Amino acid sequence: MDNIISFNTNSGVLSCQAGCILENLNNYLEERDFIMPLDLGSKGSCHIGGNVATNAGGLRLLRYGSLRGTVLGLEVVLANGMVLNCLSSLRKDNTGYDLKQLFIGAEGTLGIITTVSILCPRKSAAVNVAFLGCDSFEKILDIFKESKSMLGEILSAFEFLDYSCREVVCEHLKLRNPLQEAPFYILIETSGSNSDHDQEKLSHFLEKVMACGLVTDGTMATEENKIKAVWALRERITEALVRDGFVYKYDISLPLERIYEIVIDMKNRLGMRAKRVVGYGHLGDGNLHLNIVSETYDQQVLDSIEPYLYEWVAQHSGSISAEHGLGFKKKDFIYFSKPRAAVQIMQQMKVILDPKGILNPYKTLPSLSQ
């Protein structure tokens, strides 16, 4: 299940089997001056079928959008053995219901994805990265506004991490921090077709945010090895946290002005029971990764986190799962993000497509009795 079926250089549409590893697909496309619209820290091991089934967001959703927009077609095996061929390569097809959307983000509960057709953008001729230090989250929001205004069409990623994230990657992975110490760090990536033009825009942007006092320190990388070194500070946070202790992982979305409040709240709530509470994520799409570390697994710590965290997110009009799905651990908390009427319709769809409950049972949806 790891074959590339076809690639059209005119349309940029790639068709491949679900078992293809994301990084392998990107390497294949880069040889043809294209890239995958999805990029994840786990790209070396994750499969495109699983990415689609969980509607993975990734690092560059800000630029290329979600998989719901870039996936053009799917082949899916249903619970009764029927092969549903919705493997279109058309960008516009408004004939009836868009059935592929049923399976994107359904976590394999409605059908098993076997083949994917996906729209791939051209590889950018010029990629630049800026790594900035900032002394408050409010200033990060101001920098984000300026980046959208001044960088516009070349802005491809806007990531943030707090001091604790930077600390843990340098402590456990021995990565070097190129900046002075700061409470927060921002990684901004631009992708465009003209290196001189893009560097000039990015330089003007950096000059303005530093002159305004929004940034305390910063560096820019244009060479590939330096770009990778900067990205490693963001992409390898999860790897470093695993070495720090037992990690309670949460993937939530919130209105931008509320994103970091929950990190502060959880630090105060857990106190010394938590070895580390960190926040990082994709500010461009309002997605926070909240990770809490204790020396070993502690049920009391978990009980202090859940369901308090989900209640907090619901009160602030957020989602308890921004991009990684509900699985079996969060399925019973779905009502914090979806009304009962919506969940009932989902359950009815599950019964229609999988009456015997054989596809990924016990995941995503609560039992019908709830």
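Every read-out reported here was derived from the displayed coordinates using simple, explicitly stated rules and does not represent laboratory data. Keep in mind that this is a model prediction, so the values were computed, not measured. Glycine gets a Cβ as well: all are built from the backbone with ideal geometry, and neighbour counts include every protein chain shown.
Applying 1/(1 + (r/R0)^6) with R0 = 41 Å to the Cβ-Cβ distance of Asn85 and Asp33, what FRET efficiency is obtained, to the nearest 0.05?
Numbers: r = 30 Å, r/R0 = 0.72.
The formula returns an efficiency of 0.85 here.
Taking amide H atoms as placed 1.01 Å from N in the peptide plane, the amide H of Phe160 lies under 5 Å from those of Leu187, Gly281, Leu283, each 5 or more residues away in sequence or on another chain. Eigenvalues of the alpha-carbon gyration tensor of segment 4-119, scaled by 5 and square-rooted, set the equivalent ellipsoid semi-axes at 21, 16, 14 angstrom, largest first.
To one decimal place, what orientation-averaged projected area in nm² is obtained for the convex hull of the Cα set of segment 189-248? Show your work: numbers first, answer last.
Working: hull surface 24.0 nm².
Value for segment 189-248: 6.0 nm².
Peptides 207-213, 236-242 ranked from most to least packed give 236-242, 207-213, packing being the mean of other C-beta atoms within 10 angstrom over each peptide's residues.
Gap in Å between the Cα centre of segment 2-22 and the Cα centre of segment 192-267? That distance is 31 Å. Ordering of 272-282, 174-184, 25-35 by packing is 272-282, 25-35, 174-184, highest average first (other Cβ atoms within 10 Å, averaged per residue).
Normalized C-alpha radius of gyration of segment 201-318, against 2.2 N^0.38 Å?
Working: Rg = 17.1 Å, N = 118, 2.2 N^0.38 = 13.5 Å.
In units of the globular-protein estimate, segment 201-318 measures up at 1.27.
Using DSSP to define loop residues, name the chymotrypsin sites (Phe, Trp or Tyr not before Pro) in segment 324-370 whose beta-carbon has at most 10 other beta-carbon atoms within 10 Å. For chymotrypsin sites (Phe, Trp or Tyr not before Pro) across segment 324-370 that sit outside H, G, I, E and B with at most 10 neighbouring Cβ atoms in 10 Å, the list is empty.
Hey, what did segment 60-161 get for relative contact order, percent, Cα under 8 Å, at least 6 apart?
On the way: 95 pairs, mean separation 34.4, N = 102.
Reported relative contact order: 34 percent.
Measuring how big segment 262-309 is from its alpha-carbon positions, Rg and Dmax come out at 11.3, 34 Å.
Tell me, what is the percent relative contact order of segment 4-119, built from C-alpha pairs under 8 Å that lie six or more residues apart? With pairs under 8 Å counted, the relative contact order is 31 percent.
Residue separation of Ile5 and Gln315 scaled by 0.36 nm, minus their Cα-Cα distance, works out to 107.0 nm of gained length.
Within the same chain, lysines fewer than 8 places from Lys174 are excluded, and of the rest, those with a Cα less than 29 Å from its Cα are Lys43, Lys139, Lys226, Lys228, Lys249, Lys267, Lys275.
Calculate for the chain the 222 nm mean residue ellipticity that helices alone would give, adding -39,500 (n - 2.57) per DSSP H run of length 4 or more and normalising by residue count, nearest 500 deg cm²/dmol. Present the calculation step by step, with values, prior to reporting the outcome.
On the way: 14 runs with 126 residues, N = 370.
Calculated mean residue ellipticity at 222 nm is -9500 deg cm²/dmol.
Considering only Leu90, Phe137, Thr109, the residue lying farthest towards the positive end of the dipole of segment 82-183 is Leu90, judged by Cα position with unit charges set on Cβ. Label sites at Lys275 and Asp135, each approximated as a point 7 angstrom past Cα along Cα to Cβ, lie 3.2 nm apart.
At a 10 Å Cβ-Cβ cut-off, how would you order Ser6, Ser136, fewest neighbours first?
Details: Ser6 10, Ser136 13.
Placing the least packed residue first, the sequence is Ser6, Ser136.
Applying 0.36 nm per residue to the separation of Lys267 and Asn194 and subtracting their alpha-carbon distance, the gain on full extension is 21.9 nm.
Tell me the relative contact order for the chain as a rounded percent, counting alpha carbon contacts under 8 Å between residues six or more apart. Let's see the in-between values first.
Numbers: 693 pairs, mean separation 61.1, N = 370.
After rounding, I find 17 percent.
The order of Thr95, Thr364, Thr222, going from fewest to most other C-beta atoms within 10 Å of their C-beta, is Thr95, Thr222, Thr364. Radius of gyration (Cα atoms) of the chain, expressed as a multiple of 2.2 N^0.38 Å: 1.02.
Suppose every K and R has +1 on its Cβ and every D and E has -1 on its Cβ; what is the size of the dipole of the chain about the Cα centre, in Debye to the nearest 20?
Here the chain has a charge dipole of around 860 debye.
Between Asp93 and Phe246, the contour length at 0.36 nm per residue exceeds the Cα-Cα span by 50.4 nm.
Quick check: from the Cα gyration tensor, does segment 126-232 come out rounded (a/c under 1.5), prolate or oblate?
Numbers: a/c = 2.07, a/b = 1.26, b/c = 1.65.
Cα axes put segment 126-232 in the oblate bin.
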